[in-house]
Amino acid sequence: MVRYLIQHTEHEVLNLDKLTYAGNLKSLISVENDKRYTFQQIDICDAVAIRDVLRDFQPDGIMHLAAESHVDRSIDNPEEFIQTNIVGTYTLLQAALAYWRGLPEDSSTSSLPDSKTPTQSTFRFHHVSSDEVYGDLKEVGYFTEDSSYAPSSPYSASKASSDHLVRAWHRTFGLPVLISNSSNSYGPYQFCEKLIPAMILNAIEGKPLNVYGDGMQIRDWLYVEDHAQALVAVLTKGKIGETYNIGGNNEKQNIKVVQTLCDILDEKAPLKLQLPTSTLNSYHDLITHVKDRPGHDKRYAIDASKIKNELGWKPKETFNSGINKTVDWYLTNSEWCQHVQDESYQRERLGKSEMKKSES
């Protein structure tokens, strides 16, 4: 999101990040010296720091993407998800409300202005959320902005809670908010606990490609730059108080995603060249089915017609074009991949068992 804003828009960007295990400033080398970009290491649960930085930076808008996001980690340790996704969102909403109330009023109803002086009528708070808040989808149909919430995991429950908080701050206090719920993002720079980068990196190292259950779970895949463009459209053109579903129109079974990755890798980085001592003939031979994730939803699918019809956005990448770009990126950026893998996480499976017991 930061790279896209700096490289493709005229906005100034203040990036706030706690820099937990998945945070990595090497992902921003291409923009770190741009005069329109500033970084501060801040936890969104730190009310004083958030208040001070809003006062100093004077933003026209806030894009709230900060979250604990990995479902498996939420099964092992839901407390961190409650703290960041719920308490952190509350803290950010309170700070944004106080900041917004202190802005000058005017009569404009336009979107983000070119002026460096924000006003109450031009400010907006964009909360970025997930399609997982809707829960499990039947074999037919799609999630719409009016779909009922039925979260299944601690992660999706925490995101559903944050969505409700944002709507409540709009209805009760008048804070100008927008919400987007998106399908599964993928692409360059994604942390290696997620399905696609984990499978690419495990494959080229000859490690098992663990597929949960039968692998028939269906997800809608959205290329990361398409997602960034959609978020900018929501922030700058969306109607205050509205929700926009963002999808890639790429429904795929998990097993098909893994098999596609194997096909691409067999062509771009043949196993015999990558691992000369291996007795296997194809990356497909590394596919291993393991016990399914607890509470694993079977299908997600997004109806993105609202954002297309009202804001003029639609994805540019097909799954085939996006997944090929993604594989190419990981194959040529091994140094980045190695750097971001903390010693505490080497792509082992998480979320297998019951949550950690609280210390007495």
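Just so you know, all these numbers are worked out from the coordinates, no wet-lab data involved. Bear in mind the structure is a predicted one, so any value in this text is a computation, not a measurement. Ideal geometry is used to build each Cβ from the backbone, glycine not excepted, and the neighbour counts take in all protein chains shown.
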Max mean-square fluctuation residue, GNM over the chain, Cα-Cα springs under 10 Å, options His227, His64, His11: His11
Flagged links, alpha-carbon separation over 26 Å, of Lys252/Lys291; Lys18/Lys298; Lys35/Lys306; Lys237/Lys298: Lys18/Lys298; Lys35/Lys306; Lys237/Lys298
Under the Karplus curve 6.51 cos²θ - 1.76 cosθ + 1.60, θ = phi - 60°, whole-Hz ³J(HN,Hα) for the range 16-23, x wherever Gly or Pro sits: 9, 8, 6, 6, 7, 4, 9, x
Computed lengthening from His339 to Glu105, 0.36 nm per intervening residue step minus Cα-Cα distance: 79.6 nm
Computed FRET value (nearest 0.05) for Leu97 with Lys237, which takes r as the C-beta separation and R₀ as 22 Å: 0.45
Residue-wise HN-Hα coupling along the range 148-155, computed from phi with Karplus coefficients 6.51, -1.76, 1.60 (Hz; x: Gly, Pro): 5, 8, 8, x, 9, 10, x, 4
Residue list for the range 122-142, given a label point 7 angstrom along the Cα-to-Cβ vector of Arg171 and an amide N cut-off under 13 Å: none
Residues whose placed amide H lies under 5 Å from that of His127, excluding near-sequence neighbours: His64, Leu178, Ile179, Ser180
Only Lys, Arg (+1) and Asp, Glu (-1) charged, at Cβ; the chain dipole about Cα centre in debye: 300 debye
Dipole magnitude of the range 296-338, debye to nearest 20 (Cβ charges: Lys/Arg +1, Asp/Glu -1, about Cα centre): 240 debye
Mean ellipticity per residue at 222 nm, deg cm²/dmol - from DSSP H runs of n ≥ 4 across the chain, formula -39500 (n - 2.57): -11000 deg cm²/dmol
Relative contact order computed over the chain (Cα-Cα under 8 Å; 6+ residues apart), in percent: 19 percent
10 °C / 1.306 mPa s Stokes-Einstein diffusion coefficient of the range 197-277, Kirkwood radius on C-alpha pairs, µm²/s: 104 µm²/s
Distance from the range 141-198 to the range 254-286 (C-alpha centre basis), Å: 33 Å
Cα pair count fraction exceeding 36 Å, expressed as % - the chain: 22 percent
Estimated FRET transfer efficiency (Val48, Lys26; beta-carbon r; R0 51 Å; 0.05): 0.95
Gained length - Asp72 relative to Gln41, 0.36 nm times residue gap less alpha-carbon distance: 8.6 nm
Contour excess over end-to-end distance, with Cα ends at Asp266 and Gln7 and 0.36 nm allotted per residue: 89.9 nm
